[in-house]
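The values are calculated or read from the model by the stated rules, or taken from the named source; none is laboratory data. Only a predicted model underlies this, so the values are computations on that prediction, with no experimental measurement involved. Neighbour counts are summed over all protein chains in view; Cβ atoms, including those assigned to glycine, are modelled from backbone coordinates with ideal geometry. Calculation scope for accessible area: heavy atoms of the full protein, side chains included, ligands and nucleic acids excluded. Shrake-Rupley method; radii C 1.70, N 1.55, O 1.52, S 1.80 Å.
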Amino acid sequence: MTVHELLTRELFRLQDTSVTLAALLTALLIVLVGRLVSSGVQGAVARAMRRRPSVRDGNLHAVRRLVHYAVMLVALSVALETVGLSLTALFAAGAIFAIGLGFAMQNIAQNFVSGLILLFERTIKPGDVLEVEQTVVRVEALGMRATLVRTRHDEEMIVPNSVLVQSTIKNFTLRDSLYRLRAAVGVAYDSDLHQVRTILERTAEAFPGRLADRPPVVLLLGFGDSSVNFDVSVWTDDPWRSGPLLSQLNEAIWWALADAGIRIPFPQRDVHLDPALLARLGGAAAG
């Protein structure tokens, strides 16, 4: 058998069309060329977008993914037409198949659609700092089914895209990276509140982790059972390090109050006994 005969020999029939090895190889070549074209177009788009200083890496990543999917969709369509598979018939069969597949793969389809929504809306991008189900994470990569994130403990998590679309998510870096650190502190009731406020304001202003263009705020929140409660707020531009920064702020407040001799009380209760009851109890014990 010659090479020509091998390439033109019918392998199977598809929609009354003879499918040969040559057609399959041509379809595969079209897909490979599509990948090469996709890489080239992505590179050109990336170079064009990087000339704009306002473009963030997350936006660039989303655009590149959309370009890749668009080019590969065209390549796959041409490849299928080359093999002899009509796209019209494919869509008609796909509609019937999608009904059955939708019931069996609802979660996968839901996550896939959610991935497309994230790419188009760009409300969540690689590098963003989020709070997902009470866990602060940084987005590493957006996928079509799930998103790869990393926690502050360097643990990698795979979050389904539907969770990011349908749940309430805190994005600390959506429009800017400003983050408010809030330290709660209580002082004893016999403290000089003017002195306490002055110490807290000076400590917050001298804190090295805060933004210099945003003055700190010291608020008296209320009067607790054992202490007068204050709230000390400073701003930072690094929400990912908010935990260590808050720890440093709390430590600075602790030492500032300790150096000034101001007590931070612990919860306590005063017990008052009725003298008449004590007398009766004493008489009963004596008898």
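Annotations
- From the list 55, 41, the one residue that fits, being surrounded by fewer than 16 Cβ atoms within 10 Å (Cβ to Cβ), modelled with pLDDT under 70, aliphatic (A, V, I, L, M) and closer than 30 Å to residue 124 by Cα, is 55.
- Residue, modelled with the lowest pLDDT, within segment 98-127, restricted to residues that are farther than 14 Å from residue 163 by Cβ and small (Gly, Ala, Ser): 104
- Residue that is farthest from residue 64 (Cα to Cα) [pool: residues in segment 142-156 that are free of Cβ contacts under 8 Å to residues at least 24 places away in the same chain and not basic (Lys, Arg)]: 153
- Which listed residue is at pLDDT 60 or above and crowded, with 16+ Cβ neighbours inside 10 Å, from 82, 17, 88: 82
- Residue within segment 205-221 that is aromatic (Phe, Trp, Tyr) and either modelled with pLDDT of 95 or more or buried (at least 16 other Cβ atoms within 10 Å of the Cβ) (or both) present: yes
- Which numbered condition residue 155 fails, given (1) open to solvent by less than 30 Å² (accessible area, probe 1.4 Å); (2) at pLDDT 90 or above: (1)
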